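The values are calculated or read from the model by the stated rules, or taken from the named source; none is laboratory data. Computed from a predicted structure; not experimentally measured. Cβ atoms come from the backbone with ideal geometry, glycine included; neighbour counts cover every protein chain shown. The protein model used for the area step is the full one, side chains on, heavy atoms only, and it has no ligands, DNA or RNA in it. Shrake-Rupley method; radii C 1.70, N 1.55, O 1.52, S 1.80 Å.
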Amino acid sequence: MASFDIVSKVDPQTMDNAVNVARKEIVNRYDFRDTKGSLEFNKKDNIVNITMENDMRLQHTEDVLISKMVKQGLDATALDFSKEAYQSGAMVKKDIKVKAGIDKDTSKIIMKLIKDSKLKVSAAMMDETIRVTAKKIDDLQEVIALMRSKSDEIGMPLQFVNMKS
């Protein structure tokens, strides 16, 4: 039986590099001159912390971060922007969670997509990964193509690892 795993993970070192490059650009940009804000990445909690004077600078910082992530080869859908910015004294703060692992809701969507495809494969949920098995490698490759085509429905970056035949 051939199999592979569907996972969702972001390399913490690459993410840290993207945050550092974004921080350097913010320091050097004219529209951020004399800013007291900061941009930090907490590797332990997988959270990007942004602190700026106002919402406009916060939004621009998010845009710079996304562009630097793309240049580093990271998928920007790994960031969870669902939390709202909050006021902290004279500063506006926002904590952006970096998604790691496939949560239960997303795994249900993936499993449903695989079942609806009518391919002769079986998928099983294992912690934060989904293992897909089939008799033919061609069926597995069709599942990978399906997942790539439906990436906007899934809403998080997926990697396909541990391919065995």
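Quick notes on this structure:
- Calculated mean residue ellipticity at 222 nm for the chain: -12000 deg cm²/dmol, from DSSP H runs with n ≥ 4 weighted as -39500 (n - 2.57), summed, divided by the residue count and rounded to 500.
- A 1.4 Å probe run over the chain, with the rest of the protein chains in place, finds 59 Å² accessible per residue.
- Charge dipole (Cα centre; +1 on Lys/Arg Cβ, -1 on Asp/Glu Cβ; no other charges) of the stretch 1-139 amounts to roughly 360 debye.
- Choice from Lys136, Lys44, Lys99 showing the highest fluctuation, given a GNM over the chain with Cα pairs closer than 10 Å: Lys44
- Converting phi to 3J(HN,Hα) with the Karplus coefficients 6.51, -1.76 and 1.60 and the offset θ = phi - 60°, the stretch 143-153 yields 5, 4, 4, 5, 5, 5, 6, 9, 4, 6, 6 Hz in sequence order, with x at every glycine or proline.
- Percent accessible area from carbon and sulfur atoms, the chain, protein chains only, probe 1.4 Å: 50 percent
- GNM flexibility winner over the chain from Val92, Val19, Val48 (Cα, springs under 10 Å): Val92
- When the Gaussian network model of the chain links Cα atoms closer than 10 Å, the mean-square fluctuations of Glu128, Glu84, Glu53 top out at Glu84.
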